[in-house]
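Below is one structure, written out as structure tokens; the observations come after it.
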Amino acid sequence: MYKKLTDDVYEVEILEASKEELETISRERNIGLSDDEMVMVQTHFKKEGRNPTDIELEAIAQSWSEHCCYKSSKPILKETVFNIEAPQNICVISEDAGVVDFDEDHAYVVALESHNHPSALDPYGGAATGVGGILRDVVCMGAQPIALIDPLFFGPLDYDDKKLPAGTKHPKYLFHGVVSGIADYGNRVGIPTVAGMVCFDESYVSNCLVNVGCIGIVPKDEIIHSYAGGAGDKLILAGGKTGRDGIHGVTFASAELDESSESESRPAVQLGYAIMKEPLMHACLEANRKKLLTGMKDFGGGGLSCVSAEMAHAAGLGATIDLDRIALKEPGVKPWEIWVSESQERMMVSVKPEDVDKVLEIFDFWDVPAAVVGEVDESTRIKATHGGVKVLDMDLEFLIKGVCYTRPYKKAPACIDETDFKMPDLEKACLDLLNLENVGSRESVIRRYDHEVRANTILKPMQGIVNRQTHGDAAVIKPLDESYRGLSITSDVNPFLCRADPYWGSASAVEEAIRNLVAVNSAPHSMADCLNFGNPEKEDRLGEFAAAAEGLYFVANAFGIPFVSGNVSLYNEGPTGPIAPTPTLLGVGIVEDVRKCVTSDLKGSGNNIYLVGETRKEMRGSQYYRMMGLDGGCVPTVEPEKTKEKVNGLLKAMEKELVKSCHDPSEGGLFIALAEMCLGGEMGVEADITPLGELRSDFKLFSESNGRWLVEVADEDRKEFEKTVECVKIGTTKDDKKIKIIDRKVEIVLNLDDVRGVWSSAIEREVPE
């Protein structure tokens with residue numbers, strides 16, 4: 001099947017191969033092309049009148065992978081999340097990161113990606129290189145990264161070792177490694193990690209999720225694009241050397257994990273080098289600031305194969321790469337390995353010939369290796385030479401256009417019969433709920449990350465009295481020295497709701513992100529999505545994806561909030577089955593004046609506590625039902641028009657400085673939100689939830705209905721607040737450090753020290769020193 005062309009390059013004899021032989025070639029080379037796709041390749045090269053080289057076959061595998069071309073998801077995305085236009089959009093969806101209007105002279109840049117499969121094999125390295133990749137996505141738009149976001153999903157930390165499938169690492173090991181990888185890499189490059197989430201569920205046992213996001217800031221006149229400037233431009237590769245790490249990274253990410261992944265796919269995991277990343281970012285941004293670059297793109301999935309082809313194709317041009325000019329980590333790396341390697345800390349820039357020396361001088365100043373490795377031309381083909389011999393020559397339209405499938409799918413019923421059960425001891429239920437892994441304090445994880453480096457973090461992930469802090473709803477960054485305008489940042493999704501009902505669970509994720517942004521006094525402005533789902537070739541999995549995309553679109557479109565960037569990560573399943581549908585969101589809001597931000601911790605005794613929004617019996621997927629081992633009813637729905645009215649009222653009240661603190665009830669419901677406010681302010685509260693209607697007390701306390709906020713208002717501002725926002729008073733703050741809640745004949749009294757004890761120990765004991 002192979003004919004030697006040079007010492008290192010082979011012709012792959014596919015022209016006369018049978019379908020079975022084509023399947024064997026794909027399987028043996030581990031390139032992930034289906035039988036039908038191999039036939040398409042065969043047909044193309046019959047038209048070319050020759051067999052492909054091994055490097056050409058590898059190039060097709062990269063560009064046609066699910067990870068790169070979205071062949072299963074694109075038709076659904078085009079009808080949903082790609083379809084929201086907004087005036088703040090500058091450059092969205094089409095490039096490595098979204099560019100969105102910030103003020104008259106600046107834009108902010110948003111990116112959200114996944115590094116799931118690599119982290120399942122090497123949690124430290126997979127997480128670290130995920131951070132590295134997302135930083136490059138933002139830099140290649142000309143932006144200075146200013147914040148990192150890390151939503152993480154693992155199996156239960158106490159998962160029974162005996163139930164662990166062969167080849168699968170224990171969730172505790174993965175958890176420790178991922179947190180350490182993010183902390184070490186993010187802290188070393190000097191970018192604060194300000195937001196994220198940690199979720200635990202058995203569906204993530206054999207396929208953890210490591211999603212990574214980044215926000216950057218850029219003057220509008222320095223925005224650069226991920227395509228070459230023009231024919232004759234030189235292509236400069238800057239940064240780390242190329243090696244055998246990250247081989248077949250995108251094809252590995254486009255298949256299910258199994259027992260053999262640990263041994264067979266280990267080379268697909270990249271090796272990070274954070275010490276190279278920081279000077280590389282500085283050098284790229286300096287060269288761009290001096291107007292010396294015509295295009296810039298990072299080496300991500302597919303390596304040199306994708307970066308060179310995509311830069312040329314996006315410009316309607318072609319290019320030639322000289323593989324002999326690529327700096328290697330070791331001798332003997334084969335041409336096809338050079339072409340697809342995903343070695344880290346590399347950037348490609350296109351430069352006019354007269355500016356090459358100036359650009360190389362900048363990289364040299366920053367001690368960043370750089371060399372001219374190719375040239376842009378008018379051919380609309382991508383070519384590569386090795387040892388003076390042309391080893392790749394492909395039509396870019398065929399390579400980049402790839403394949404696209406309209407796969408069949410089916411959707412599952414959303415609601416099931418409600419469960420009838422006796423209400424438990426509510427004091428005990430409150431304490432047990434606080435101690436759940438998915439409810440308790442994340443402080444022990446958050447403290448591993450430096451969230452204050454660069455000195456621009458106005459609102460931090462933990463808020464309140466020092467050493468008594470609680471969870472905030474969103475972080476706030478002040479990106480410019482000369483302005484008090486800021487960006488609020490949050491990350492949200494509830495996989496338990498999404499599993500029960502992908503449509504309303506995803507709609508709820510958008511609404512929760514909106515609530516979090518509003519809670520700190522910011523106007524929701526844009527979102528990015530990382531859509532983590534199972535195998536799209538299975539109709540029920542793709543049905544979950546389609547329903548989720550529709551739910552995201554329904555709420556975001558109603559609010560006029562665009563999805564400006566994102567990622568689709570499919571085939572997230574292993575021996576224990578598919579993951580819960582996990583459409584992770586990164587929400588960004590505009591803060592008009594960071595000095596008027598609102599935090600979640602209670603501020604003073606004698607203030608009023610209001611509930612904005614309606615509490616309903618929408619219990620399916622709630623933390624309370626999960627704790628009780630129950631499943632029934634429906635998940636929370638979303639009513640955008642009603643929520644918009646509440647958003648407008650709350651923002652007006654905050655602008656008038658009527659709001660002392662604000663927190664949105666989400667996982668765990670009203671009780672958990674109220675307890676967290678008390679914990680941050682080291683204060684008590686007396687609450688009467690009788691005005692919330694005829695619902696049973698546990699449903700009032702633990703329902704996770706959308707469209708709600710808890711708000712603290714001083715007594716002198718009470719009348720003005722009630723005129724501004726439709727609300728119900730449910731309590732008063734106290735300095736006795738007790739949480740007292742009554743509802744008709746039900747009375748709950750909890751000591752704040754007991755509350756803090758169970759809340760703080762939920763996962764803290766599981767984090768390494």
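Observations
- The apolar share of the surface of the chain, taken as the fraction of accessible area on carbon and sulfur atoms (1.4 Å probe, ligands and nucleic acids excluded), comes to 47 percent.
- C-alpha center-to-center spacing [region 342-376, region 501-569] in angstrom: 38
- Normalised by 2.2 N^0.38 Å, where N counts its residues, the alpha-carbon radius of gyration of region 33-162 equals 1.41.
- Shape category assigned to region 616-662 from the gyration tensor of Cα positions, a/c cut at 1.5: oblate
- Unit charges at the beta carbon, dipole of the chain: most positive-side option, I275, G505, V205: G505
- Expressed per residue, the C-alpha convex hull volume of the chain stands at 147 Å³.
- Protection proxy ranking for 461-468, 83-90, using the average of other Cβ atoms within 10 Å per residue and placing the highest first: 461-468, 83-90.
- Relative contact order, percent, region 1-81 [alpha-carbon distance under 8 Å, six or more residues apart]: 28
- Proximal lysines to K745, defined as alpha-carbon separation beneath 24 angstrom and excluding residues fewer than eight positions away on the same chain: K422, K428, K617, K700, K729, K734, K737
- Exposed-loop-free span, longest in the chain, where chymotrypsin sites (Phe, Trp or Tyr not before Pro) count as exposed if DSSP calls them loop and at most 14 other C-beta atoms lie within 10 Å: 1-420
- Helix-only [θ]222 nm of the chain, DSSP H runs n ≥ 4, -39500 (n - 2.57) each, per residue, nearest 500: -10000 deg cm²/dmol
- Of all DSSP beta bridges confined to region 121-220, the antiparallel ones make up roughly 50%.
- Length-normalised contact order of the chain in % [C-alpha pairs under 8 Å, at least 6 apart]: 15
- The residues of region 461-544 have, on average, 25 Å² of accessible surface per residue, using a 1.4 Å probe with all protein chains present.
- Within region 678-714, GluC sites (Glu not before Pro) in DSSP loop having at most 14 other beta-carbon neighbours inside 10 Å: E694
- Ratio Rg/Rh, restricted to region 18-109 and using Cα atoms, in which Rh is the Kirkwood radius: 1.19
- Taken about its Cα centre, region 431-524 carries a charge dipole of roughly 240 debye when the Cβ of each Lys and Arg holds +1 and the Cβ of each Asp and Glu holds -1.
- Debye, to nearest 20: dipole size of region 695-769, +1 on Lys, Arg Cβ, -1 on Asp, Glu Cβ: 460
- Residue-wise HN-Hα couplings along region 533-540, as the Karplus relation 6.51 cos²θ - 1.76 cosθ + 1.60 with θ = phi - 60° gives them from phi, are 9, x, 6, x, 7, 9, 4, 6 Hz; Gly and Pro carry x.
- Bins of 5 Å from zero: percent of alpha-carbon pairs in region 141-205: 4, 15, 23, 19, 14, 11, 8, 5, 2, 1
- Area accessible to solvent at L328, 1.4 Å probe radius, in Å²: 50
- Accessible area of D593 in the full protein assembly, 1.4 Å probe (Å², nearest 10): 30
- Approximate spin-label separation D221-K19, in nm, with each point projected 7 Å along Cα-to-Cβ: 6.1
- Candidate lysines for bridging to K172, where Cα separation is under 20 Å - those fewer than 8 sequence places away on the same chain excluded: K162, K163
- The string of couplings for region 674-680 from the Karplus curve (6.51, -1.76, 1.60, θ = phi - 60°) is 5, 4, 5, 4, 5, 4, x Hz, one whole number per residue in order, with x for Gly and Pro.
- Taking every C-alpha pair closer than 8 Å and separated by at least 6 residues, the mean separation divided by the residue count of region 148-195 gives a relative contact order of 55 percent.
- Using a probe of 1.4 Å on the protein chains alone, the accessible area found for I730 is around 10 Å².
- Dipole magnitude for region 597-636: about 40 debye, using +1 per Lys or Arg Cβ and -1 per Asp or Glu Cβ, origin at the Cα centre.
- For the chain, DSSP calls about 80 percent of its internal beta bridges antiparallel.
- The mean accessible area for residues of region 698-759, using a 1.4 Å probe and ignoring ligands and nucleic acids, is 44 Å² per residue.
- Whole-Hz ³J(HN,Hα) from phi, Karplus 6.51 cos²θ - 1.76 cosθ + 1.60, for region 228-244, glycine and proline x: 5, x, x, 4, x, 4, 8, 9, 10, 9, 10, x, x, 7, 9, x, 8
The values are calculated or read from the model by the stated rules, or taken from the named source; none is laboratory data. As the structure is a computational prediction, the values presented were derived from the model and not from experiment. Heads up, the Cβs are rebuilt from the backbone with ideal geometry, glycines too, and the neighbour counts pull from every protein chain shown. Quick note on the areas: whole protein, heavy atoms, side chains included, nothing else; ligands and nucleic acids left out. Shrake-Rupley method; radii C 1.70, N 1.55, O 1.52, S 1.80 Å.
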